Amino acid sequence: VASSCLLPLMAMQNDVGSTDARPESSWSWPMVATFVCIIAFGCFGEVMNQAQTLSLERDWVPSICGNDSAALARMNTTMRRIDLSAAILAPSTVGVLLQCFASGPLERVVVGALLLAGFHAVAWPLE
């Protein structure tokens, strides 16, 4: 997490240690602040996601299956498949959307932040 927070600052440094004149960076302080906010909210969201996953696995799934261990195994397998499918498809979908709707670096940051905010706004009531 700490290295993720330092990534935007490191990206702003072009050719650290070079004596040559550095080219103008495309990173600006508003972009860095946006990244820091995205990372902070992402960390908070991951903690809440882990809490939700634990509550689903420990409470909800066993209460649906009752004492049927075969049904519990099938339900856990299905839940894991859904989780892994979302983990694989989400980054590629976001990459395609960013490629289609954003051209510049700052525009990609804004579109990415809006996509993330829109997804959480839709998913939060359902969760």
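Of note:
- Simple label model, 7 Å out from Cα along Cβ direction - Leu54 to Val96, nm: 3.5 nm
- For Ala102, nonlocal amide neighbours, meaning residues 5 or more places apart or on other chains whose placed amide H falls under 5 Å from its own, do not occur.
- Full extension of the segment from Asn67 to Ala121, taken as 0.36 nm per residue of separation minus the current Cα-Cα distance, would add 15.9 nm.
- The value obtained for the range 37-120, namely the Cα convex hull volume divided by the number of residues, is 90 Å³ per residue.
- Straightening the chain between Ala113 and Phe44 buys 23.3 nm, computed as 0.36 nm per residue apart minus the Cα-Cα spacing.
Read the figures in this text as sums done on the coordinates, not as results from a lab. This structure is a prediction, so every number in the text was calculated from the model and none was measured. Neighbour counts are summed over all protein chains in view; Cβ atoms, including those assigned to glycine, are modelled from backbone coordinates with ideal geometry.
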